[in-house]
Amino acid sequence: MDFQTGHFSLFKIYEYVASHPKMHSGKTNEAKAYSNLISELINGIPTKKSGWYLWGRFNDIGWWETIYLGKAGNLSVRLYDELREECIAFWAFVYGKETASKQASKITNGKYDGAIPRCLRKTGTHFIVWISGSELIEDDIKREEKALIERYRPSYNAQRITYPEQTSATKMIIELLDLEIEKIKR
C-alpha cells in the first residue's frame, strides 16, 4: 500500500479571520475569498483518496497535542468541507467563543446550534496533518482509525477503544504521521 503525507498550518486562516471580524455565509465575496483560501491550503492533498487527518498543535513544552482525529473516504473533500463548515473554531480563537457562537447562531437562524459545541472543540488548532493511501477500503479506514485514536489520544474524539486491533499497515501509518509532525518543526 502506498501512502502520501502532508500538513498545513491554519495561520493564514487566522490572519484572514483577524481582518474579517464578522463571520459570513452564502455567496458573498467574503465567503468566496474564504473558500478560495481553504482551496489553497488543501491544494497538496490528493483528490479522490482515502485517509486520516489530525487537527493539532504544539503545547507549551513543544509536544504535539492531537485535538481531533478524523477519517475520510475522500480526504481533500472532507477537509475542505470541515474547514468551511466548522469555521466557528477560527473566529472563536480570534474573537472569543461567546462572540463566535452568537454570530454563528444568527447566521444560521439557530439551525445548527447543536453543532456549535463540537466545532468549538477545535478552537486553538494550529496545524492539520494528513495521510492518504491507495487501495483503502472502508473497513481498513475504520480499523486503522481506532488504532490511531489509541496512539494519538485526541482530546475531542469521543470514541475510545482499549488495545484496538493493529494491522501490518498500522506501524507504517504511525511512523509516517510522526515524521510529518516532526517536519512541521524544521
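The values are calculated or read from the model by the stated rules, or taken from the named source; none is laboratory data. It should be emphasised that the depicted structure is a prediction, and the values quoted were computed from it without experimental measurement. Note that each Cβ is placed from the backbone with ideal geometry, even for glycine, and that neighbours are counted across all protein chains shown.
Selection of first residues in the range 37-64 that are closer than 23 Å to Met172 by Cα and of second residues that are surrounded by fewer than 14 Cβ atoms within 10 Å (Cβ to Cβ) and modelled with pLDDT under 95, restricted to Cβ pairs under 6 Å at least 6 apart or on distinct chains, gives an empty result.
Yes/no per residue for (1) in contact with a Phe, Trp or Tyr (Cβ under 8 Å, 6 or more places away or on another chain); (2) of a type outside the set (Phe, Trp, Tyr); (3) at pLDDT below 95; (4) farther than 16 Å from Val17 by Cβ:
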site: Ile67; (1), (2), (3), (4): yes, yes, no, yes
site: Phe93; (1), (2), (3), (4): yes, no, no, no
site: Gly96; (1), (2), (3), (4): no, yes, no, no
site: Ala100; (1), (2), (3), (4): yes, yes, no, no
site: Leu136; (1), (2), (3), (4): no, yes, yes, yes
site: Arg153; (1), (2), (3), (4): no, yes, yes, yes
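For the residues Ala115, Ala169, Ala147, Ala158, the requirement of being aliphatic (A, V, I, L, M) and under 30 Å from Lys27 (Cα atoms) singles out Ala115.
The residue pairs whose first member lies in the range 101-115 and is in contact (Cβ under 8 Å) with a residue 40 or more places away in the chain, whose second member is surrounded by 13 or more Cβ atoms within 10 Å (Cβ to Cβ) and in a helix (DSSP H, G or I), and whose beta carbons are closer than 7 Å, counting only pairs six or more residues apart or on different chains, are Gln103/Trp91; Ala104/Ile88; Ala104/Ile116.
Checked against (1) over 16 Å from Glu82 (Cβ atoms); (2) surrounded by 12 or more Cβ atoms within 10 Å (Cβ to Cβ), Leu10 passes all but a single condition, namely (1). Contact map, the range 135-148: residues that are touching a residue at least 12 places away in the same chain (Cβ under 8 Å) paired with residues that are of a type in the set (D, E, K, R) and surrounded by fewer than 19 Cβ atoms within 10 Å (Cβ to Cβ), Cβ distance under 9 Å, separation 6+ or inter-chain. Pairs shown: Glu135/Asp2; Arg143/Glu165; Lys146/Glu165; Ala147/Glu165.
Test Ile128 against the criterion of being surrounded by 15 or more Cβ atoms within 10 Å (Cβ to Cβ), at pLDDT 95 or above and of a type outside the set (Phe, Trp, Tyr), and give yes or no. It is true that Ile128 is surrounded by 15 or more Cβ atoms within 10 Å (Cβ to Cβ), at pLDDT 95 or above and of a type outside the set (Phe, Trp, Tyr). As a summary of the residue check, Asp81 satisfies the conditions (1) surrounded by fewer than 14 Cβ atoms within 10 Å (Cβ to Cβ); (2) assigned to a loop (DSSP other than H, G, I, E, B); (3) of a type outside the set (S, T, N, Q) except for the one numbered (2). Residues of the range 167-186 that are crowded, with 17+ Cβ neighbours inside 10 Å, free of Cβ contacts under 8 Å to residues at least 60 places away in the same chain and not hydrophobic (A, V, I, L, M, F, W, C): Thr170 alone.
Tell me whether the range 62-71 contains one or more residues that are outside any strand (DSSP E or B) and touching a Gly at 6+ places or on another chain (Cβ under 7 Å). No, every residue in the range 62-71 fails to be outside any strand (DSSP E or B) and touching a Gly at 6+ places or on another chain (Cβ under 7 Å). For Lys12, the stated conditions do not hold, so it cannot be described as among the charged types (D, E, K, R), modelled with pLDDT under 95 and either outside any strand (DSSP E or B) or under 26 Å from Glu144 (Cβ atoms) (or both).
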